[in-house]
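Heads up: the structure comes next, in C-alpha cells.
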Amino acid sequence: MDTQYPDTNRNRWMVSIFILGVVGFTCLMTFYAGPRIMGMRNEVENKQILYKCRAVIDADTLVVQLRGWEKPNPAPELRIRMAGLDVPPLADAEDPGVIAWAESHGVTPAHAATMARSAERTLVAFARMQNMVLRPADGSDLTRGLEEGTRVHVYVTGTDVAHKQLQQGLAAHDSNNPHLFEDLYAAAEAEAKAAGRGLWSESR
C-alpha cells in the first residue's frame, strides 16, 4: 500500500506567502495608512468640522457637539438648524402653528402633523448619536466656531441629510433663507411632489 505524503513544498510556499502578506500589511499600516489616518484625524480636529449628534429636537433641529478626543468632552452642546428645510411644527393637528403651516403648503393639518412625527423619527434613526460633518449655509469657515441656532448643511457618512429628507417628502424646501444648494433642494422637493411622497401624498 502506497503511503501519501503532504506536499511540503506547497505548504512552505503558502506559509511564506502568508508571512509576506502579514509583513506587507503591517508595513502599509505603519508607514503609509497609519500616518494618513492620523493626519486626517488631526485635520478634522484642527478644522473643527466633525460633530456628533447628541439629540434630535424635531425634523430640522439637532443638538450637536464638536467631536473631541478627550473624555469627558469639554465642548459645549449646541442647537443647530438644517439649512434648506421647511418643516411643520412637531405638534398636534389642532396646534395653530401646524394649521398655519398646512394651509400655506396645501395639505391638511392632520397630515402635516403626522408627517412631522414621521420626519422626526426618521431623523432620529438616521442621525442621532452619529458623527457628522457640518457646513454653514452661508459657506463660512467652521474654524471660527459654531454658534447656537446656525443654519448648516449636515452630512452623515457622506449623505446630505436635508436633501434626503426632501427627496422622501419629509420636508418642504425653505426658499426664504439662502443656502448653498437651493437649486438642488428645489429639484428634490419637485421630485417628491411628482412622485407623491410623504407630505405630498395627500391632496385636498
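The values are calculated or read from the model by the stated rules, or taken from the named source; none is laboratory data. Not measured: the values here are computed from a predicted model. Every residue, glycine among them, receives a Cβ derived from its backbone with ideal geometry; neighbour counts consider all protein chains shown.
Couple of notes before you dig in:
- Selection from region 68-115 of residues that are surrounded by 16 or more Cβ atoms within 10 Å (Cβ to Cβ) and among the charged types (D, E, K, R): ARG81, ASP86, ASP95
- Flag if MET129 is among the aliphatic types (A, V, I, L, M), touching a Cys at 6+ places or on another chain (Cβ under 9 Å) and either modelled with pLDDT of 95 or more or farther than 29 Å from ASN176 by Cβ (or both): yes
- Given (1) of a type in the set (Val, Ile, Thr); (2) surrounded by 17 or more Cβ atoms within 10 Å (Cβ to Cβ); (3) under 18 Å from the mean Cα position of the chain (by Cα), number of the condition ILE57 does not satisfy: (2)
Listed here are the residues, each with its yes/no results for (1) crowded, with 17+ Cβ neighbours inside 10 Å; (2) in contact (Cβ under 8 Å) with a residue 60 or more places away in the chain; (3) assigned to a helix (DSSP H, G or I).
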site	(1), (2), (3)
SER118	no, yes, yes
SER140	no, no, no
LEU146	yes, yes, no
TYR185	yes, yes, yes
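- Inside region 154-183, residues that are within 13 Å of PRO136 (Cβ to Cβ) and either without any contact (Cβ under 8 Å) to a residue 12 or more places away in the chain or surrounded by fewer than 22 Cβ atoms within 10 Å (Cβ to Cβ) (or both) make up a count of 5.
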